[in-house]
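Working notes for the structure below.
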Amino acid sequence: MSTRLASGGRLIDRHTTRTFTFNGKRLSGHDGDTLASALLANGQTLMGRSFKYHRPRGVVASGAEEPNALMGIGEGGRFEPNQRATTTEIFDGLTAKTQNHWPSLDFDVGAVNAMVPRLLPAGFYYKTFMFPRPFWKHVFEPVIRKSAGLGAAPKDRDADRYEHFYAHVDLLVAGGGIAGLQAALRAGQAGLRVLLVEQTAHWGGRAPVDGVEIGGKPAEEWINDTLQALEGMENVCIRTRSMASGVYDHGYALVYERLTDHAPEMGGPRHRLWRVRAGQIITATGAIERPLSFAGNDIPGVMLASALRDYVVNWGISPGDRTVIVTNNDDAYRTALVLHEAGLAVPAIVDARPSATGDLPQAAREAGIRVLTGTGIAEVKGRKSVTGVVLCAQAGEGAATDEIACEAVAMSGGWSPVVHLWSHCGGKLIWDAERSHFRPDAARAPTGHDGKPFVITAGAASGAETAGDVLADAKTAAGAAADALGRSLPDLDAAGTNDPHEEPMAPVWIMPQGAGPAKRMKMWLDYQNDVKVSDVRLAAQEGYESVEHTKRYTTLGMATDQGKLSNINGLATLAGALNAEIPAVGTTTFRPPYTPISMGAIAGEARDATFQPLRRTPIHDYHEDQGAYMEPVGHWRRPYTYPKTGESHAESVHREVLATRNSLGLLDASTLGKILVKGPDAGKFLDMLYTNMMSTLKPGKCRYGLMCNENGFLMDDGVVARLDEDTFLVHTTSGGAEHTHAHMEDWLQCEWWDWKVHTVNITEQFAQIAVVGPNARKLLEKMGGDMDLSAEALPFMGWAEGRIGGFDARVFRISFSGELSYEIAIPASQGRAFWDAALEAGGTWDITPYGTEALHIMRAEKGFIMIGDETDGTVIPQDLGLNWAISKKKEDYMGKRAQARSHMTDPTRWKLVGLETTDGSTLPDGAYCIAAGTNANNQRNVQGRVTSTYHSPTLGRGIAMGLVLNGPDRMGDIVEFNKVDGGTVAAKIVDPVFFDKDGEKQNV
Amino acid sequence: MRRYSAFAIAREAARYHQGWERAWASPEPKRAYDVIIVGAGGHGLATAFYLGKNFGITNVAVIEKGWLGGGNTGRNTTIIRSNYLQDPSAAIYEKARSLYETMSQDLNYNVMFSPRGVLMLAQTEHEVRGYTRTAHANALQGVKTEFVGPERVKEIVPIINIDGPRYPVLGALWQARAGTARHDAVAWGYARACSDMGMDIIQKCEVTGVNTENGAVTGVETTRGTIGCKKLGVVVAGHSSVLAEMAGFRLPMESVALQALVSEPIKPCMDCVVMANTVHGYMSQSDKGEMVIGGGTDGYNNYTQRGSFHHIEETVRALVETFPMISRLKMLRQWGGIVDVTGDRSPIISKAPVEGMFFNCGWGTGGFKAIPGSGWGFAELMARGYSPLTAEFGLNRFREGRFIDESVAAGVAH
């Protein structure tokens, strides 16, 4: 059983006590403890269950690479599943629950899977669960889904908030070990703007644990001195608990800062996502130790040698009284020495190499520790915890040579540089045969916009092993970064280190090397996903030979640790099975993030009301105060209708239409797009954009125009007013303003860059208020001012500038309702005041604000088309009877050529008509006009569809517009429209103008 | 081919699974075949499969530059649905969906098709009208869908937030027999079945040239030598224009990056697929428990198989808004694929200007769901010269202006 040592633990403060609960049990630890170290201190070695077999799992690592010790942390709105105990710092009141078991961690019924693992090899689910067919959805899948997954789904709304930061720096240094510190220091001294980030709460990385001395001082002192120097530099920013999570194109990188996970009482945002744009990036991300593949290497108590060393040195933990070390390299001997120094027993160091002659093995022998070379582990004994190991000859098949009782096993299969950040954006790797690892190939670095490298690795991330090499490499890296940024570094020597001489490691991918199938089924590669050596070999045997096939077939490396421990061992196993070289097998792709980052942090502040920008017209507050039912239109919200108390939406729409038709209505049309097009070539430009001629429009006049895309399809419509010789004001649909403006700029910037035209979107500079109805002119006259609004002075399709009721106004005599109508543009700041003044003055005529639905109904009654209803991206103006708006004189306009194509000129295209049901009811929205028979694919033939359909309050019956085959030639015909329930509705084809066909109401 | 079954697993377990055969053979290319399919993704393999199964054409090679299923077949978010608006699309996607229903049994390979249903949310009045139109169209196309109200949406997927302050859910188009499948298994299952019919699947074999004689195709040059054929089917997604160029013509197509991401796995909490187009994001939960999330395409062309992070932000923001509970989940992995997009965002399934050469491409962001239907129709086109399923997807539609635009009603492309 693990426990806390009486002394030691460089990261913990033994004077403090922090209490937390683990599966409901109250436990305590110290400041500086991680959840994993605190649990070990409390003798809790069982920390989870694996994904597939529900095997008992203990902690195997001490950092971000941990695959096993995952827990649900927190409660309610602060609950989060799948947190690594190794990177969770404890605090008072922390609650942790283990996952993926039922009914309890200790006794898990799901572990029955583990009793029959032979029946569940890699990919077994592809080979079974196929009969009977409905069983997959209803029986097998639900059971599999329930057994899979890890932590519970959060139920409550997130109680925390998140934020984004932006940083623009010369150099981002990822990793605060001695390499990162050294690189940041040198770059800082050279005056570069540096951001140095470290994912843990501590600086210095492994050096202090490994007993490194720098410049004759313990590493810890050098680290503190360096930090002090960095803190004194204004051009350097350093952050702990901040992980560089991804590197993207053009020097873009993300840093994930965990602000309050360790101290929820601090308040403020929980996570902060830094969006960094860096000139150069140094990844000093260290290396991760690899497990060894021997039978039973997943039993709780088997740990990475470096992790076990961390627990002893950093947190004062005894992993058990007796620890057996198993290794293929010298570094693991440090763990033996540390245990020995702490007064714990190391019954044996099992070294797979034929000899061990480096300084560290010598020191171990001198300390009286038994070193067994050429030896491997045949099997680990124990179920929920290690009870001993059976030894064998590494060269053999696993016949037992000895058995040693122990509580822990520290394993080391060598080290792999952390190459993720290097690889995210295309950095390539090279296989280092001597050290048996992939390391960054500096010659094939990720390149930026200029084709030059922008990522440099430093220290162990480059493949350096000794502290001396690490510091020297970091110095070189800083120099390279400075060079790339056009700066130079002061020439200082790296401080000397006390590195012992280490003999080369020997690659050991399976232990013992001749292990048979029964043993291979007990050798775990991926602890979390339960992928074993036998599974990878099975994949290869079945032809899943590509490393990507193997990964996907076995799920190797797809767990929440993304294969940090398993990938290289898995590749080597695959290479072995295929009789290929490891570099020929290659790696899978490294994808961001380095370790998982919260969705909350990615979303940042954008949630709820601030989810997207809200655009408000100057009259927005009025609508809300009136209790209008609002609908989203782009980023705007527009009043759909203003229901009075007790009114349904249909009733209030009805009232609004009649009030407008009979007396006076008021519409907030401010969302209407307004784009100023100015310059000597403005007329020529608009002639190209619109199907009609705009260059001939006279100042003071308005013209309705149609805009098509290159494919000839109608994309927007609206009224263009000519303000003066060089200036046009283009009105677009509310939803189309940005798109239309971008469309204009696209053509001006990419194709017609030599045309003298300038465009500006002034939508928000003006409130636009439509005064509509038979009493519209009376209202404006009553409001007073200096304008002559008579039919003679301001006829239909004219505009004028002046003052109305004390407001500066531009008045457009246009109508989308068929009524006498003035659209009045008022400077935005005065919009609300004008609206209020009009409302007050309009009391005489019972003035009625109306919403978008009444607007739609009135335009449909008049047979006016609506972009998005009558058009859907497949409709050309000719379909809508709008040939009158297509200039015959112009040589060209956007869409002209497209409209000449055979399908566009096909006489059988569906054309716009009006539709009236025979019983006066309203046609269903979106209904299709049915034709006889079915097509070659057995679909019902159709001959048209409804594009808009409303109950007309003015006419007291349903009216609709639609596109129908030969429609304009079939006036009076009765056709059938479908209903979703299978029934049909009969309707008569009629003229699309239902009301006031001669326009008598608007031309007064 | 030895059949897969629970019994077979038990038998193999007794001998430590040493007896399993290769799922597909790895032969050297022959000198010539009746048909060569370039591209061993889902669409290419399905084409080969139906050439054999429906037309008895088995002297077929499927050649692949990399590893089979390694393009968009293995990178998508595995959604299968057929609630399309336009008749030609609905026909081919519904054919595909119905073939997915029995694919595991047809291939004797469990592709885990799970008809758990797809909800497409309507969050504006415009979308409501659009989906109502789709529902009417589907009713006539033999595609079972219905427009459901917000309460029913909440009932189907309890973790959804239907009262978002910005875009409350007004309803949804619901296709109950839509769902998801295991994407890799689709490629692997077809590959195994094709191999079993005696077809050659040749991986790591890149086409470097197209050989023609008198305007007709005679074979391909590859990194593993010249291979002759009578008919050539090109099914290479984003690289179609490269192959077309080798044969001397151009395709109206662009290639852009599309991204997706998954969360860490959690216990089941969502039993259907939800697509939210106004806010732009879609999500489902895999059998492993990961929330599988798809987003938008980059605004520029490239071939890097990675994309801009701001699209990930946009997507995650949309989904945190739609499913507030995911805020405390973590993104495990993000990736990108290159999608081939045509002018109307519908595929090209067509004879090429070169005799004997055929193209199947342009599936854009929605190809996975079409795999079996696409293979079925393309095989028919290659074998007979005509297929009602593919007739409308010919290359000449761009010249004629006869587009099949799915983005029309509610702005949903694929």
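The values are calculated or read from the model by the stated rules, or taken from the named source; none is laboratory data. Because the structure is predicted, anything quoted here is derived from the model rather than measured. Don't worry about glycine lacking a Cβ; one is built from the backbone with ideal geometry, like all the others, and counts go over all protein chains shown. Side chains are part of the model used for accessible areas, which takes the heavy atoms of the whole protein and leaves out ligands, DNA and RNA. Shrake-Rupley method; radii C 1.70, N 1.55, O 1.52, S 1.80 Å.
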Requested in this report: Filter the stretch B:251-271 for residues that are closer than 19 Å to residue A:83 by Cα and part of a loop (DSSP other than H, G, I, E, B) and give the result.
Outcome: B:264, B:265, B:267, B:268, B:269
Query - Of all residues making up the stretch A:584-636, the number that are within 11 Å of another protein chain (Cβ to nearest Cβ), of a type in the set (Val, Ile, Thr) and farther than 25 Å from residue B:304 by Cα - result: 2
**Report entry** Single residue of A:609, A:580, A:584 found to be within 24 Å of residue A:671 (Cβ to Cβ), free of Cβ contacts under 8 Å to residues at least 60 places away in the same chain, open to solvent by 30 Å² or more (accessible area, probe 1.4 Å) and hydrophobic (A, V, I, L, M, F, W, C)
**Finding:** A:609
Query - Search result, residues across the stretch A:420-471 that are of a type in the set (Gly, Ala, Ser) and more than 19 Å from residue A:497 (Cβ to Cβ) - result: A:423, A:426, A:427, A:433, A:436, A:442, A:443, A:445, A:448, A:451
Query - Output for the stretch B:63-87, where each listed residue is within 14 Å of chain A (Cβ to nearest Cβ) and either free of Cβ contacts under 8 Å to residues at least 40 places away in the same chain or more than 26 Å from residue B:177 (Cα to Cα) (or both) - result: B:64, B:65, B:66, B:67, B:68, B:70, B:71
Report task. Say whether the condition of being at the interface with chain A (Cβ under 9 Å from one of its Cβ atoms), outside any helix (DSSP H, G or I) and within 25 Å of residue B:295 (Cβ to Cβ) is met by at least one residue in the stretch B:91-108. Result -> no
Report task. Give the number of residues within the stretch B:1-28 that are open to solvent by 30 Å² or more (accessible area, probe 1.4 Å) and within 30 Å of the chain's Cα centre (by Cα). Result -> 11
Requested in this report: Check every one of the strands (runs of 3 or more DSSP E) wholly within the stretch A:359-404 and list those with 3 or more residues that are of a type in the set (Gly, Ala, Ser).
Outcome: A:375-382
Report task. Determine whether residue A:73 is more than 11 Å from chain B (Cβ to nearest Cβ), touching an Asp or Glu at 6+ places or on another chain (Cβ under 7 Å) and among the aliphatic types (A, V, I, L, M). Result -> no
Query raised in the report: Can you tell me how many residues in the stretch A:78-112 are outside any loop (DSSP other than H, G, I, E, B), open to solvent by 30 Å² or more (accessible area, probe 1.4 Å) and within 14 Å of chain B (Cβ to nearest Cβ)?
Result: 4
Report task. Kindly establish whether residue A:657 is over 30 Å from residue A:751 (Cα atoms) and open to solvent by less than 10 Å² (accessible area, probe 1.4 Å). Result -> yes
Report task. With a cut-off of at least 2 residues that are more than 10 Å from every other protein chain (Cβ to nearest Cβ), closer than 30 Å to residue B:293 by Cβ and modelled with pLDDT of 95 or more, name the helices (runs of 4 or more DSSP H) lying wholly within the stretch B:305-414. Result -> B:371-384
Report task. Hey, can you tell me all the residues within the stretch A:479-506 that are in contact with a strand residue (DSSP E or B) (Cβ under 7 Å, 6 or more places away or on another chain) and open to solvent by less than 50 Å² (accessible area, probe 1.4 Å)? Result -> A:480, A:481, A:495, A:497
Query raised in the report: How many residues, within the stretch A:880-898, are outside any loop (DSSP other than H, G, I, E, B) and crowded, with 20+ Cβ neighbours inside 10 Å?
Result: 1
Query raised in the report: Among (1) in contact with a helix residue (DSSP H, G or I) (Cβ under 7 Å, 6 or more places away or on another chain); (2) among the aliphatic types (A, V, I, L, M); (3) touching a residue at least 40 places away in the same chain (Cβ under 8 Å), where does residue B:320 come up short?
Result: (3)
Query - Flag for residue A:63 being out of contact with any Asp or Glu (no Cβ under 6 Å at 6 or more places or on another chain), without any contact (Cβ under 8 Å) to a residue 60 or more places away in the chain, away from chain B (no Cβ under 12 Å) and surrounded by fewer than 24 Cβ atoms within 10 Å (Cβ to Cβ) - result: no
Requested in this report: Give me a count of the residues in the stretch B:272-288 that are part of a strand (DSSP E or B) and either surrounded by fewer than 22 Cβ atoms within 10 Å (Cβ to Cβ) or touching a residue at least 60 places away in the same chain (Cβ under 8 Å) (or both).
Outcome: 6
Query raised in the report: Can you name the residue in the stretch A:419-470 that is under 20 Å from residue A:187 (Cα atoms), assigned to a helix (DSSP H, G or I) and small (Gly, Ala, Ser) and is also farthest from the other protein chains (Cβ to nearest Cβ) among such residues?
Result: A:468
Query raised in the report: Across the stretch A:945-966, what is the total count of residues that are more than 11 Å from chain B (Cβ to nearest Cβ), open to solvent by less than 40 Å² (accessible area, probe 1.4 Å) and under 23 Å from residue A:903 (Cα atoms)?
Result: 4
**Report entry** Any hit, the stretch B:18-41, residues being in contact (Cβ under 8 Å) with a residue 24 or more places away in the chain, farther than 16 Å from residue B:188 by Cβ, among the acidic types (Asp, Glu) and at the interface with chain A (Cβ under 8 Å from one of its Cβ atoms)
**Finding:** no
Query raised in the report: Taking into account only those residues within the stretch A:927-944 that are open to solvent by less than 10 Å² (accessible area, probe 1.4 Å) and either at pLDDT below 95 or in a strand (DSSP E or B) (or both), which is farthest from residue B:139 (Cα to Cα)?
Result: A:944
